[in-house]
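Following: one structure in structure tokens, then a few remarks.
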Amino acid sequence: MSSLIDSIKGKALLAPLAGISNLPFRLVARSFGCSMAFTEMISANGLIRNSKRTFEYLKSSPEDKPLGVQIFGADPEVMAKAAEIAAGNGADSIDINMGCPVKKVVKTGAGAMLMKNPVQAGRIIKAVVEKVNIPVTVKIRSGWSRSSINAVELSRIAEGEGALAIIVHARTADQGYSGVADWSVIGKVKNAIKIPVIGNGDIWKPIDASRMMHETACDAVMVGRGALGNPWLFRGIHRLLTDNANDYLPDLEERRAVIMSHWEKEIHFLGEKIANKTFRKHLLWYTRGLENSAQFRKKASDCNDKESLMNELNKYFNFLRQSEH
Ligand SMILES: Cc1cc2nc3c(=O)[nH]c(=O)nc-3n(C[C@H](O)[C@H](O)[C@H](O)COP(=O)(O)O)c2cc1C
């Protein structure tokens, strides 16, 4: 248990991101110093029903450690069984999703709906903690809505039921991902409990991480969208937090090498057919903000296979190199 806390304290973690935080992306983030990463949310029902598709989300590798497996569901018994399955399939910790605002999830009583139902939330945490002997964390929102901020109440329940740490996404469920995260909620949670608090929401640059830690006294930060096309953010954060050093920005050649290595990992772990679809979004993120990237994006969308896409990418980077001089 304490070794997981060592991986968390004073560090930057990769958030669970549906459709994004798969094994290849986690490995890329880790290569830049991300200290812990999470699977995307996995249906507890899917796991106990032995759904092949659901099990795909558990795919990991020896370098993919420590790995938090995030599960969602509304039934304590089902969640406990699912946690047991995840623990038997390589999870280093179980994270319970209490933040997903998507209708399909919320209407079953799972995800952010649990912010509205603290009693059921407590039952779920208790059942999971009792069932597995790996650490359990809970990822919550500030509350359901601005008029019902209850992160402190939920955190106290989580601590009381034996959670190892709590992750606070400082937005309300009805905010979705819009608006600015209100970090003061993270500070209030930190003041109320003794277990480590991981702050989350709007970390786009290293300075945001140090500001969040300073303003809220949180024990660690979790990065979501800021890491998309920008996995070196973890190195920048690490440098700033440990040595007070400047941000880390890769040059063009390193950027290209990271893209290629990420792409190769997608092909290696997912197969070329799937990678062809899943990697496109990363290419767009990796080139966002670079000169003439709109033109590259347009050309990339016309490519049907890996070779032509790689060809376009190489041409684009040649263009970038030339325009640098
Ligand atoms: C595309 C996308 C998918 C997400 N999937 C999950 C998920 O599976 N589980 C979860 O707890 N949070 C999920 N989140 C929320 C993030 O983990 C994080 O809490 C949120 O994006 C705020 O952090 P950020 O401002 O650094 O992005 C998702 C967010 C996005 C944008």
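If I filter segment 241-251 for residues that are closer than 29 Å to LYS103 by Cα and in a loop (DSSP other than H, G, I, E, B), do I get at least one hit?
Checking segment 241-251: not a single residue is closer than 29 Å to LYS103 by Cα and in a loop (DSSP other than H, G, I, E, B).
Failed condition for ASN89, given (1) free of Cβ contacts under 8 Å to residues at least 40 places away in the same chain; (2) farther than 19 Å from TYR57 by Cβ; (3) touching a strand residue (DSSP E or B) at 6+ places or on another chain (Cβ under 9 Å), with all others met?
Unmet condition: (2).
Does SER147 count as part of a helix (DSSP H, G or I), more than 11 Å from the ligand (Cβ to nearest atom) and surrounded by fewer than 17 Cβ atoms within 10 Å (Cβ to Cβ)?
Answer is yes for this residue.
Here is a check on your reading of the model: is GLY187 over 17 Å from ALA15 (Cα atoms) and surrounded by fewer than 16 Cβ atoms within 10 Å (Cβ to Cβ)?
Details: over 17 Å from ALA15 (Cα atoms): yes; surrounded by fewer than 16 Cβ atoms within 10 Å (Cβ to Cβ): no.
No: the conditions fail for GLY187.
Return a yes/no flag: does segment 152-172 have any residue that is of a type outside the set (S, T, N, Q), over 27 Å from ALA82 (Cα atoms) and part of a helix (DSSP H, G or I).
no
Let me confirm something: among VAL168, VAL197, VAL185, which residue is modelled with pLDDT of 95 or more, over 19 Å from the mean Cα position of the chain (by Cα) and more than 27 Å from GLY289 (Cβ to Cβ)?
VAL185
Would you be able to say whether some residue in segment 155-162 is within 13 Å of SER142 (Cα to Cα), aliphatic (A, V, I, L, M) and within 16 Å of the ligand (Cβ to nearest atom)?
No, the conditions are met nowhere in segment 155-162.
For segment 30-48, indicate whether the set of residues that are out of contact with any strand residue (DSSP E or B) (no Cβ under 6 Å at 6 or more places or on another chain), within 11 Å of the ligand (Cβ to nearest atom) and among the small types (Gly, Ala, Ser) is non-empty.
Yes, because at least one residue in segment 30-48 is out of contact with any strand residue (DSSP E or B) (no Cβ under 6 Å at 6 or more places or on another chain), within 11 Å of the ligand (Cβ to nearest atom) and among the small types (Gly, Ala, Ser).
The values are calculated or read from the model by the stated rules, or taken from the named source; none is laboratory data. Quick caveat, the model's predicted, so the values are computed rather than measured. Reconstructed Cβ throughout: ideal geometry from the backbone, glycine too, with neighbour counts over all protein chains shown.
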